[in-house]
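S.K.: Below is the structure I would like to discuss, written out as structure tokens.
The values are calculated or read from the model by the stated rules, or taken from the named source; none is laboratory data. On a predicted model such as this, the values are computed, not experimentally measured, just so you know. No Cβ is skipped: glycine too gets one built from the backbone with ideal geometry, and neighbour counts run over all protein chains shown.
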Amino acid sequence: MTAKRIAIAGFQHETNCFGVTKAGLAEFEMADSWPEMLHGPRVIAETVGMNLPIAGFAAAAQQAGLDLVPILWCAAEPSAHVTDAAFDTICAMIEDGLRQAGPLDGVYLDLHGAMVTESLPDGEGEVLRRVRAVVGEDVPVVASLDLHANVSAQMVDRADFLTIFRTYPHLDMAETGARCVPALQRLLGGERFYKAFRQVPYLIPLHAQYTKAAPFGEIYAFPEQLMQKHVLADIALGFTAADFPDTGPACVTYAASADQAEAAAQEIIDLFLARERDVDCTMLTPEQAVEASRQPRAKPLVLADVQDNAGAGGTSDTTGLLAALIAGGAQDVLMGLFHDPDSAAAAHTAGPGARLRLQVGGKSGLPGHQPVDAEFEVLATGDGTCRYTGEMYGGGVATLGKTAALRLVGQAAKIDLVVTSLRNQCLDQAHFTHIGLDPRDYATVCVKSTAHFRADFEPIASDVLAVAAPGAFECDLSVIPYTNIGAHRLIAAE
């Protein structure tokens, strides 16, 4: 029996509609937190073993005896809108690859679910439309989505099956891709899935979406319970920096009958409605965070600069929390990652041991944001090749560009920073240890991340606190100037 031929491709972007810089083709071609753009066999060969959906799908599909036809995989660091030129170019690459692949029995797509282009509010819906136009209505198309997807009716309509991450931090990315394989096999065998799609009527800030916190442990246990009833279900919590009518939590269900799928979807929505008041949106002011840092602890206090997260389209260079720590006389602090190519280059020129005046951070053009102008000692420099060691990205490599570890001069106790030439979310201890700084040696560790850092930093922390310093990724939804989110309620930060 001839193996079924399955085309695979990936096109990933999480779009912050209120961000500063757009994602052009170069941003998808380059390596950053993710690998560079991969074509053909490299899609499989250079993601094997990584915690990526496409890697999980490929491994499970090969084990199941499917014949894979890899086309393309690419991702860009979250930012403002994807340019129309980049979107059209990458879609054309995928479409051309599908046309040139020969007869296909199915298609798998590794998508995010919160892509917005200069002209299109629903990037993934359009990707699926274009793929469907090439392969036709009879070829099964399945896709995996991020937990932060803003799922649209078009996505659900154009795909035969969608599956979504169930953890934040996203520890199950590869597992999610793999979940597409048995569903695809059922579709290839002639089964029909009846679909249901429901949206939750309120938005949840990302820092409150941590899936180990209430009520999400209960909510994300529900798909497993529904499997006992022969219903496939997945849940997205939405990406709140997208100004889009479909922004927000949603669920998709698949069953042998329309009534069964609809009933399961309503059960999920009813659970969201019942547990709305249990969502914890607490954030500290920078001044409160400084006060918390003064309390003696056996292990480091981890402060999350949640509104300056490069992984959510933040600039990763705001200085509000750093300035508060300096003004408050905070002791024994490590902070990163600051996206500051100028300071990194100057540190490389000066070399380790040098002292020099630098203006760190605050250079992205965000209104009201200023650099910290001070003398720094260069502790170390590096080329920015950083192999992740934590659970979420373990096995992958971050590309940070020229990187430097700096110590603020003239303080009673050390305040150390890591500056990089490329934006990366600080979610792994390796972002510090690769340049010689061990977070466990500090009283306070400040990370520019919203929740992904928790997987690697919670085990070494005495406590983890979210801090609302100003940034391009607002977690207080009440201050975001939405114009296109319809009637969704906002759960505001406390």
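S.K.: Take segment 109-124 and flag every residue that is under 16 Å from Asp88 (Cα atoms) and surrounded by 23 or more Cβ atoms within 10 Å (Cβ to Cβ).
M.R.: Correct list: Leu111, Met115, Val116, Asp122, Gly123, Glu124.
S.K.: Kindly check whether there is at least one residue in segment 283-296 that is over 22 Å from Arg454 (Cα atoms) and either without any contact (Cβ under 8 Å) to a residue 40 or more places away in the chain or hydrophobic (A, V, I, L, M, F, W, C) (or both).
M.R.: No, the conditions are met nowhere in segment 283-296.
S.K.: Counting only residues that are farther than 20 Å from Ala310 by Cα and not hydroxyl-bearing (Ser, Thr, Tyr), which one in segment 440-480 is surrounded by the fewest Cβ atoms within 10 Å (Cβ to Cβ)?
M.R.: In this case the residue turns out to be Pro459.
S.K.: Evaluate the following for Arg277: is it more than 30 Å from Leu325 (Cβ to Cβ) and modelled with pLDDT under 95?
M.R.: It is true that Arg277 is more than 30 Å from Leu325 (Cβ to Cβ) and modelled with pLDDT under 95.
S.K.: Let me ask another. For residues that are assigned to a loop (DSSP other than H, G, I, E, B), surrounded by fewer than 24 Cβ atoms within 10 Å (Cβ to Cβ) and of a type in the set (D, E, K, R), tally how many sit in segment 389-437.
M.R.: Selection size over segment 389-437: 3.
S.K.: Only residues that are over 12 Å from Val252 (Cα atoms), outside any helix (DSSP H, G or I) and not aliphatic (A, V, I, L, M): list them for segment 196-235, please.
M.R.: Pro201, Tyr202, Pro205, Gln209, Tyr210, Thr211, Lys212, Pro215, Gln228, Lys229, His230
S.K.: Show me the helices (runs of 4 or more DSSP H) entirely contained within segment 102-189 in which 1 or more residues are closer than 30 Å to Thr389 by Cβ and hydrophobic (A, V, I, L, M, F, W, C).
M.R.: Correct list: 173-188.
S.K.: Now a separate question. Specify the residue that is nearest to the chain's Cα centre (by Cα); the eligible residues are those in segment 61-76 that are within 23 Å of His112 (Cα to Cα) and in a strand (DSSP E or B).
M.R.: The extreme case among them is Ala75.
S.K.: For the subset of segment 438-494 comprising residues that are of a type in the set (Val, Ile, Thr) and in a loop (DSSP other than H, G, I, E, B), which member is nearest to Gly248 (Cα to Cα)?
M.R.: Ile485
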